[in-house]
Amino acid sequence: MITRRGFTWSLGAILAGGLGASSAAAKTQTTNQRRSIDRGLKYLANVQARSGRWEADGGMYPVAMTSLAGMALLLDGNTAMQGRYAENVQAAIGYLLDQVQPNGLIGHPQLDGRYMYGHGFSMLFLSQILGEEEDVSRRRRLIEVLSRAVEFSGKAQTVDGGWGYVSARDGHGFDEGSVTITQMQSLRACRNAGIGVPKEIVDKGIKYIERCTDPATGGVRYSLKTSGSARPPITAAAVACLYSGGEYDNPIVAKLIDYADKTLGPTSGRSQSYGHWHYAHYYYSQVVYRQGDDKWDRYRKGIFDVIIKKQKANGSWSEGYIGPVYTTSLNLTILQLDNGYLPIYQR
């Protein structure tokens, strides 16, 4: 094994053309699971626009949707240079690079009232691309874009250490958990890829999550700026974020995991009908996967069965209110986690 910049590359996977690929995944995937993944990937490829973008319902959130759909393709082992969907990956990269603003933002404030989501997810996607990029000129371009994107995120952070739907410089200092977690995970991914990330930005983000956590229950509430009970989806996302930041020994993590297990695990009694189900399990699956095979194997059998039964004839999933590209991308991420291709999701 080769360890570099906080993540591990499998030598066998490098020789095979991928980073950290897991041979165990191929052994454990059933025929139905593999067929479901293939149909979902084909759906995403078919609905990608000529410009390289994907969109939510109503043409919304193209930067975020392009990044999430692109991540689903990367998890299949595709890169910009090889794989059955290499051309789709290339087109997604080109679209996102075209959205870069002079101040480092990846997105358009005039077209997206929640542009910090897209900015974060695009950093996540492009940072995973950087590790595989062989073209020297495009590699330099990616390093430049990600470096400026990190700088923009630092300036967009609120005084409390969180992030809101828009930059703190454009809004009124509002911040909330889901955007904060998107930013934190993307910053970790950039750091893993060799992009400089100021430690004080990350430290402030971790403190923000800790301050949003109920010390009694271990649940994370929506925002420091609002009152209210803890939310299971944000709690699961917070654990995934802390894991990505290397905070395995943080004393608060055990409480968060316990809360997430009780509210999202197989015995929680929660059905797929509640709001943000896919968002919750997009992050909770990352948490469970990092906890080892015993817990992951129990979880994956149940969650995979639930997901596959909901798939449409065209290969998409349409639950939720953001649109099939979003739901399909999240489900494909869950189904492909143990492929092990992407450093940000590896154990």
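Details
- Only one of the numbered conditions (1) among the charged types (D, E, K, R); (2) under 18 Å from the mean Cα position of the chain (by Cα); (3) farther than 25 Å from G107 by Cα is violated by K262, and that is (2).
- On inspection, S36 does not qualify as modelled with pLDDT of 95 or more and over 26 Å from A313 (Cβ atoms).
- Region 240-261, residues that are surrounded by fewer than 17 Cβ atoms within 10 Å (Cβ to Cβ), over 18 Å from T217 (Cβ atoms) and either touching a residue at least 12 places away in the same chain (Cβ under 8 Å) or among the acidic types (D, E) (or both): G246, D249
- Conditions (1) under 28 Å from G196 (Cα atoms); (2) touching a Ser or Thr at 6+ places or on another chain (Cβ under 6 Å); (3) assigned to a loop (DSSP other than H, G, I, E, B); (4) not small (G, A, S); number of the one not met by W54: (1)
- Check on E87, within 18 Å of G52 (Cβ to Cβ) and either assigned to a loop (DSSP other than H, G, I, E, B) or free of Cβ contacts under 8 Å to residues at least 12 places away in the same chain (or both): yes
- Against the criterion of being surrounded by fewer than 22 Cβ atoms within 10 Å (Cβ to Cβ), in contact (Cβ under 8 Å) with a residue 24 or more places away in the chain and in contact with a Pro (Cβ under 6 Å, 6 or more places away or on another chain), G302 qualifies.
- Number of positions in region 241-260 that are part of a loop (DSSP other than H, G, I, E, B) and in contact with an Asp or Glu (Cβ under 9 Å, 6 or more places away or on another chain): 1
- Close pairs from region 16-41: first on the phi > 0 side of the Ramachandran plot and surrounded by fewer than 19 Cβ atoms within 10 Å (Cβ to Cβ), partner among the polar types (S, T, N, Q) and at pLDDT 50 or above, Cβ under 7 Å, at least 6 apart: G17/Q82
- Residues located in region 321-336, provided they are of a type in the set (A, V, I, L, M, F, W, C), under 12 Å from the mean Cα position of the chain (by Cα) and under 12 Å from D76 (Cβ atoms): L332
- Within region 206-233, the set of residues being acidic (D, E) and touching a helix residue (DSSP H, G or I) at 6+ places or on another chain (Cβ under 6 Å) comprises E210 only.
- Subset of region 195-207 (residues that are farther than 17 Å from D249 by Cα and either among the basic types (K, R) or in a helix (DSSP H, G or I) (or both)): K199, E200, I201, K204
The values are calculated or read from the model by the stated rules, or taken from the named source; none is laboratory data. It should be emphasised that the depicted structure is a prediction, and the values quoted were computed from it without experimental measurement. Methodologically, a virtual Cβ is constructed for each residue, glycine included, from the backbone with ideal geometry; neighbour enumeration extends over all protein chains shown.
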